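S.K.: What follows is a single structure, and I will ask about it in a moment.
Derivation of every value follows stated rules applied to the coordinates shown; laboratory data play no part. Quantities reported herein were computed from a predicted structural model and do not represent experimental measurements. Every residue, glycine as well, gets a Cβ built from its backbone with ideal geometry; the counts of neighbours run over all protein chains shown.
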Amino acid sequence: MKVFELRQKLYGKAKREPKFRFYALYDRIWRRDVLEASWDLVASNDGAPGVDGVSIAEVINSPRGPAGLVDDLHQELRTKRTCPANSR
C-alpha cells in the first residue's frame, strides 16, 4: 500500500467514525515508504534541525546520505530502540 493510500484510508476511517481511536499506528510509522515520504517532505521544506541538531545539509552530505538515515530510522523504530543522537 502506498503512503497516499494509507493516508486516505486513515482519513476515511477517522471521518466515518469520529470516536474511533487509533491505538495501533506504530507499525505504520516505521514502514520504509512512510519514512522515505517523510524525508522527502522535510527535505523539500528545508526543515530545521531536530533535537539531535543534525541539519538537512548534514544528512545529504553524510557518507550514507538520506538513504542511510532512512535505513537507520527504519531499524531503530522497528526494534523500538530509537532515541535522539544527543541523548545517547
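S.K.: Counting only helical runs of four or more DSSP H residues, what would the 222 nm mean residue ellipticity of the chain come to if each run contributes -39,500 (n - 2.57) and the total is spread over all its residues?
M.R.: Helix-only estimate at 222 nm: -17000 deg cm²/dmol.
S.K.: OK, next. Using DSSP to call loops (not H, G, I, E or B), can you name the trypsin sites (Lys or Arg not before Pro) in region 1-64 whose Cβ has at most 10 other Cβ atoms within 10 angstrom?
M.R.: The qualifying sites are LYS2, LYS19, ARG21.
S.K.: Between the DSSP loop rule and a limit of at most 16 other Cβ atoms within 10 Å, which chymotrypsin sites (Phe, Trp or Tyr not before Pro) in region 1-75 are left?
M.R.: PHE20, PHE22, TYR23
S.K.: Let me ask something else. What translational diffusion coefficient, to the nearest whole µm²/s, does the chain have by Stokes-Einstein, given a Kirkwood radius computed over alpha-carbon pairs, a temperature of 20 °C and 1.002 mPa s viscosity?
M.R.: Using the Kirkwood radius from Cα pairs, D works out to 146 µm²/s.
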